[in-house]
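Worksheet: the structure to be examined is printed underneath.
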Amino acid sequence: MLWPLSACLLAALALCRSALSQYSSDQCSWRGSGLTHEGHTRDVEQVYLRCSQGSLEWLYPTGAIIVNLRPNTASPAAGLLSVCIKPSHESSGTHIYLDRLGKLRLLLREREQAEGKVHCFSIQEGALFIEALPQRDISRKITAFQYELVSHRPGVDPSSLSASCQPCTDAELLLAVCTSDFVGRGSILGVEQEEEQTSVAVTLTRLYRQKSQVFVSGGGRAKRFTGRVKMPRECGVKPGEGEFLFIGTVRFGEAWLSCAPRYRDFLRLYQDAQERGTNPCHIDTN
């Protein structure tokens with residue numbers, strides 16, 4: 001659906017495609033101010049962000065900016081990526097659109113940004129067109145969000161930040177061990193139901209891999225790690241005894257669970273695949 005913008009901004013957008021008013025160099029994060037062109041509200045600034053994750057902060061927004069989100073390496077798989085943005089709860093002063101070949105589709109109104117929810121879209125749907133709203137006092141307005149470029153399981157909404165509640169298949173499980181952001185062996189300490197998700201406290205006796213420090217060492221001679229993994233509330237997870245293999249993704253600094261088979265079941269599957277020579281990668285199961 002095409003949402004109307006002011007005539008001056010549409011004219012600026014067309015002008016911007018042939019002769020950009022301003023440039024921002026390629027980077028992971030951007031911080032700018034509308035005060036740099038406060039007297040030129042027709043200005044449309046191009047921002048290029050070419051990292052897998054980063055942030056944007058636009059202080060005192062006036063006019064509009066176009067945010068181009070792209071991976072930093074060329075790959076045939078790049079067109080299959082999704083872009084996820086998580087606005088700050090204090091984000092205000094703008095509407096956010098998707099701009100594809102000059103056609104604009106509303107993604108987030110100003111009031112929706114303050115909810116702080118994650119919104120995802122295909123990278124092929126275009127750039128972000130962020131339009132400043134008329135304000136009497138722009139000094140109180142800041143538009144800010146974090147972003148990540150993500151790939152996800154087919155048929156799964158990336159906005160959920162996790163796989164569905166369906167268990168991973170054997171093939172998905174073996175591949176997830178090789179490619180996921182974190183893989184750890186351990187047990188469940190407790191389950192807490194939050195407003196829109198479930199938070200599971202875990203302790204790990206073995207941490208095979210983690211993308212960022214979502215699990216922290218407890219110190220001491222016994223190398224144990226603790227942390228929390230999250231999953232959709234509707235999955236209905238309950239505390240369980242025994243050891244599990246926790247596998248998942250890290251999104252916006254939080255660990256989201258993709259697969260959590262009992263470790264004995266994974267070990268049996270892994271050993272069978274090893275005997276057949278079909279394991280996509282090797283981990284130390286001792």
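Listed values, structure above:
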read-out: Computed E for Ser55/Glu172 - FRET, C-beta separation, R0 41 angstrom, nearest 0.05; value: 0.85
read-out: Summed side-chain charge close to Ala273 - residues other than Ala273 whose Cβ falls under 14 Å, Lys, Arg +1, Asp, Glu -1; value: -3
read-out: Nearby lysines by direct alpha-carbon distance to Lys230 (threshold 16 angstrom, same-chain neighbours under 8 apart not counted); value: Lys117, Lys211, Lys238
read-out: Ranked packing of 85-98, 167-180, 189-202, most packed first, by mean Cβ within 10 Å; value: 85-98, 167-180, 189-202
read-out: Label-point separation in nm, Thr226 to Ser122, each point 7 Å along Cα→Cβ; value: 4.5 nm
read-out: Net dipole in debye of region 168-218 [+1 Lys, Arg Cβ; -1 Asp, Glu Cβ; about Cα centre; nearest 20]; value: 460 debye
read-out: Computed label-point distance, nm, for sites Arg105 and Lys211 using a 7 Å Cα→Cβ extension; value: 2.4 nm
read-out: Theoretical FRET efficiency, 1/(1+(r/R0)^6), r = Cβ-Cβ of Gln193 and Ala114, R0 30 Å, to 0.05; value: 0.80
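Rule-based calculations on the coordinates, nothing more; no lab input. Note that this is a predicted model, so its numbers are computed, not measured. Backbone-built Cβ (ideal geometry, glycine too); neighbour counts: all protein chains shown.
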